[in-house]
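J.: Following this message is one structure expressed as structure tokens.
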Ligand code: HEC
């Protein structure tokens, strides 16, 4: 699997394990005893072709690691460790360059869906680029974050389904909300100085 860089080691291994096992079984079947009825053999050839096609499509759709990894979340903001930990757990994968892709992010068609969420997520709010945002943009984003968590719009429900620990407790929502208020007030005070 040459197109996956060394910084994402877990996933390609899993995929190759699954892929080769399946393909081995099928190719043994396909090339197996001529006693196998023709129907069965053509069925296993079809299955083999389908699996191969699925593997190729999945490889083409594999998410590409971000070009600027490792930037700390919310750099330049005043944020306490608790809130930062909540955001890291529940928002980072879609709203930063530090996305950690699960193995199924490499399997089409799920990969297309995840790719879209991550690129849309980064477009709306990129916590790895916080220090590049203008003060006005930061204030707007802080209000949006407050609204999204209060209304339970974020994190997206399909994400919570696969990442149970991303679910925000009442306490988490409260902590994020209070932080957005504090940080906004700080930015406003700063801009008036
Ligand atoms: C599974 C991916 C995913 C996760 C996890 C996630 N988001 Fe989002 N977020 C998105 C996408 C996609 C959008 C783009 C708009 C939409 O689809 O609603 C978005 C949009 C937003 C916006 C912009 C809303 C607007 O009005 O433009 C904010 C703010 C936001 N998310 C905050 C958060 C916060 C805070 C968390 C963590 C508590 C979080 N998101 C977790 C995917 C995600």
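The values are calculated or read from the model by the stated rules, or taken from the named source; none is laboratory data. Please read these numbers as outputs of a predicted model, since none were measured by experiment. So basically every Cβ, Gly included, is an ideal-geometry build from the backbone, and we count neighbours across all protein chains shown.
J.: I'm told residue 113 meets every condition in (1) within 11 Å of the ligand (Cβ to nearest atom); (2) under 14 Å from the mean Cα position of the chain (by Cα); (3) in contact (Cβ under 8 Å) with a residue 24 or more places away in the chain except one. Can you identify the failing condition by its number?
T.: Here residue 113 meets the rest and fails (3).
J.: Which fully enclosed helices (runs of 4 or more DSSP H) of the stretch 78-193 have 2 or more residues being at pLDDT 95 or above and crowded, with 18+ Cβ neighbours inside 10 Å?
T.: Working: elements: 81-90, 92-95, 110-124, 135-150, 157-162, 170-192.
The helices (runs of 4 or more DSSP H) meeting that bar are 81-90, 92-95, 110-124, 135-150, 170-192.
J.: If residue 52 meets every condition in (1) surrounded by 13 or more Cβ atoms within 10 Å (Cβ to Cβ); (2) at pLDDT 85 or above; (3) away from the ligand (no atom under 16 Å from the Cβ); (4) within 30 Å of residue 181 (Cβ to Cβ) apart from one, which number is that one?
T.: The one condition residue 52 does not meet is (4).
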